[in-house]
Amino acid sequence: MTEDQIAHFARTALILAMVAGAALVAFRGRLTAALRLGAIWLLIFVAVVVGYGLWQDTQTGYAQQAVFTDAGRISVPRSPDGHYHLTLQVNDRPVRFIVDTGATDIVLSLKDAGAIGIDVETLPFFGKAQTANGTVETARVTLASVRIGEITDRNVPARVNGGDMQGSLLGMRYLESFAAIEIRDGRLTLTR
């Protein structure tokens, strides 16, 4: 343990000891009442934590639901984080993307690139890209197939980001392959 962790642990233990001491003084002679009150507060705390977790799961599930309609239309709601997320089948494996109109290309994280069968250890990172986190090295790749719903594209150019990146980005070059891109009332609609 580091010195900061030890100090944090000591402060927490001191605060807990003070609260326990105050509770013992306040409930002196009424141990049953103290235990009952403690159990009630524990149940309230657990209910709040579980309720918040279920609410987050509901919001995340809603954000990931894309609606595929006939005539090559894809509609996806804006997620609680303010972004549009789409899961595409890349080389027959699912990859979750953030729609990023500020990105030129499809940009894969190292993790996602490895998951779809790209040997990231041998990639030539000769390209450079300017990001919000500064300049990063990139490697050009060609994706054998990119599928969303019934729409499949073959030999799609993309880049692999050599830096630390949380997820993959769906950039303008791919989005421009659709006839129409519309954002209205918290929904992104792509029409091929």
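The values are calculated or read from the model by the stated rules, or taken from the named source; none is laboratory data. Everything numeric in this text was worked out from a predicted model, so none of it was measured. Cβ sites come from the backbone with ideal geometry, for glycine too, and all protein chains shown count toward neighbours. Just so you know, the surface numbers come from the protein's heavy atoms only, side chains and all, with ligands and any DNA or RNA stripped out. Shrake-Rupley method; radii C 1.70, N 1.55, O 1.52, S 1.80 Å.
Using the heavy atoms of the protein chains and a 1.4 angstrom probe, tell me the accessible area per residue for the range 84-192 in square angstrom. Mind dumping the intermediate values first?
Numbers: 6110 Å² over 109 residues.
That works out to 56 Å² per residue.
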Derived scalar couplings ³J(HN,Hα) [the range 83-92; Karplus, 6.51 cos²θ - 1.76 cosθ + 1.60; whole Hz; x for Gly, Pro]: 9, 9, 10, 10, 9, 10, 8, 10, 6, 6
Sequence-distant residues sharing a close amide H with Thr104 (under 5 Å, placed H): Met172
Return the distance in nm (one decimal) between the two label points of a simple spin-label model at Asn91 and Ala132, each offset 7 Å from Cα along Cα→Cβ. 2.8
Once you keep just the Cα pairs under 8 angstrom separated by 6 or more residues, what percentage relative contact order results for the range 1-150? 14
Rounded to whole Å and sorted largest first, what semi-axes of the equivalent ellipsoid does the C-alpha gyration tensor of the chain yield via the square root of 5 times each eigenvalue? 49, 25, 13
Taking only C-alpha positions in the range 1-59, Rg and Dmax in angstrom work out to 16.5, 47
Quantify, in whole percent, the carbon and sulfur part of the accessible surface of the chain (1.4 Å probe; protein heavy atoms only). 59
